[in-house]
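I have placed the structure first, in the form of structure tokens, so that the comments after it can refer back to it.
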Ligand code: 3PG
């Protein structure tokens, strides 16, 4: 059995060592394709792989066509919008993610971005504090729950909206449940996005929604760029000079945001929410274990293309 780790953005070395240990203990071999720049490199590398571990790397029909021996692909992370699930199913390939494994890392970054924003990008001017501010968590999954826990430590008032999460789960975590996205944005000074990119959520964060935010509103995105309606957010930020947009996923229109909104816009050069040794170890080793458990025992617990 050959396990390929294909990561355009590599894991920390310590995580790769852990993955290797799991794979080799099972009697399989590990091949690494890191920092690749051309899709052809991935197409060549998958040709004889039985299993594939990826991060945000795109696995589409072309990759699956090239992967003649592939049985399983595991996205070491939460969001699996980079895998063509229908194509995986039609190729007889099981697709999985590793939910929760990198969520603390993403949540810590979200709070870090909030501090950066309220302290005016550390430019030396007088900023404000997170304590006492109303934080809106848009989707209360693994990352959202960690954001709530850390934000409570800052003394923030935490609210959440999640159509798929019962109120009781939020109240048990000391979070006030709200019942629409509109209500969340109208209520909160800072909104932190934790929704996946799906056909329903794409471009759903638009002018009408963000315009509900109170004066001085800050939108923090550690989720996906696709959920933002970029043209409408640009238009809104031109109309409202009080709003800030802070993101870990560089928008397609980064240059425009950068030029128009100096001091109110920040994007990390490369998505780094899950870029910690701990998150890499957790997600990478979970992915390797899920592969072994699937090949040896047929365990499909984390399958996402059922
Ligand atoms: C995820 O969905 O798990 C995060 O967005 C992390 O993505 P990454 O592995 O590309 O850093």
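Take 81, 44 and order them by how many other Cβ atoms sit within 10 Å, fewest up front. Let's see the in-between values first.
On the way: 81 17, 44 13.
Least crowded to most crowded, the residues run 44, 81.
A quarter of the convex hull surface defined by the alpha-carbon atoms of segment 217-292 gives 6.1 nm² as the mean projection. The Rg/Rh ratio of segment 74-136, with both radii computed over alpha carbons and Rh defined as the Kirkwood radius, is 1.26. Highest mobility in the GNM of the chain, judged by mean-square fluctuation with C-alpha springs under 10 Å and restricted to 240, 55, 224, is found for 240.
Mean residue ellipticity at 222 nm, helices only, the chain: -11000 deg cm²/dmol; runs of at least 4 DSSP H residues each add -39,500 (n - 2.57), and the sum is divided by the number of residues.
For the pair segment 155-186 / segment 39-57, the C-alpha centres are spaced 39 Å from each other.
If each residue's Cβ is checked for other Cβ atoms within 10 Å, how do 285, 295, 83 rank with the fewest at the top?
Values: 285 20, 295 17, 83 26.
Least to most surrounded, the residues fall as 295, 285, 83.
Tell me, what is the percent relative contact order of the chain, built from C-alpha pairs under 8 Å that lie six or more residues apart?
Working: 629 pairs, mean separation 59.0, N = 306.
Relative contact order comes out at 19 percent.
May I have the pair-distance distribution P(r) for segment 1-141, computed from all Cα-Cα distances with 10 Å bins from 0 and rounded to whole percent? Pairs per bin, as whole percents: 11, 33, 26, 16, 11, 3. Its relative contact order, with pairs defined as Cα atoms under 8 Å and 6+ residues apart, puts segment 30-173 at 15 percent.
Compared with the dominant principal axis of the Cα atoms in the chain, helix 142-153 is inclined by about 40°.
Centre-to-centre, using Cα atoms only, segment 231-304 and segment 192-214 are separated by 15 Å. Please state, as a whole number in µm²/s, the translational diffusion coefficient that the Stokes-Einstein equation yields for segment 103-267 at 10 °C and 1.306 mPa s, with Rh defined as the Kirkwood radius across alpha carbon pairs. Taking Rh from Cα pairs, D becomes 102 µm²/s.
For helix 230-239, report the angle its Cα long axis makes with the longest principal axis of the Cα atoms of the chain; keep it between 0 and 90° and round to the nearest 10°. Approximately 20 degrees, to the nearest ten.
With one equal scatterer per alpha carbon and no solvent term, the Debye-computed log10 I(q)/I(0) for the chain at 0.09, 0.11, 0.14, 0.15 1/Å reads -0.48, -0.70, -1.04, -1.15.
Relative to the dominant Cα principal axis of the chain, helix 277-297 is inclined by about 40°.
Which whole-number percentage describes the relative contact order of segment 90-233, with Cα contacts under 8 Å and a sequence gap of 6 or more?
On the way: 247 pairs, mean separation 31.4, N = 144.
It comes to 22 percent, rounded to a whole number.
Could you please rank 33, 233, 52, placing first whichever residue has the fewest other Cβ atoms within 10 Å of its Cβ? Can you show the working numbers first?
Values: 33 20, 233 26, 52 30.
Neighbour counts put them in this order, fewest first: 33, 233, 52.
Bear in mind that the values in this text are calculations on the coordinates, not laboratory data. In this text, all values refer to a predicted model and were calculated from it rather than measured experimentally. Positions of Cβ are backbone-derived with ideal geometry, glycine not excepted, and every protein chain shown enters the neighbour counts.
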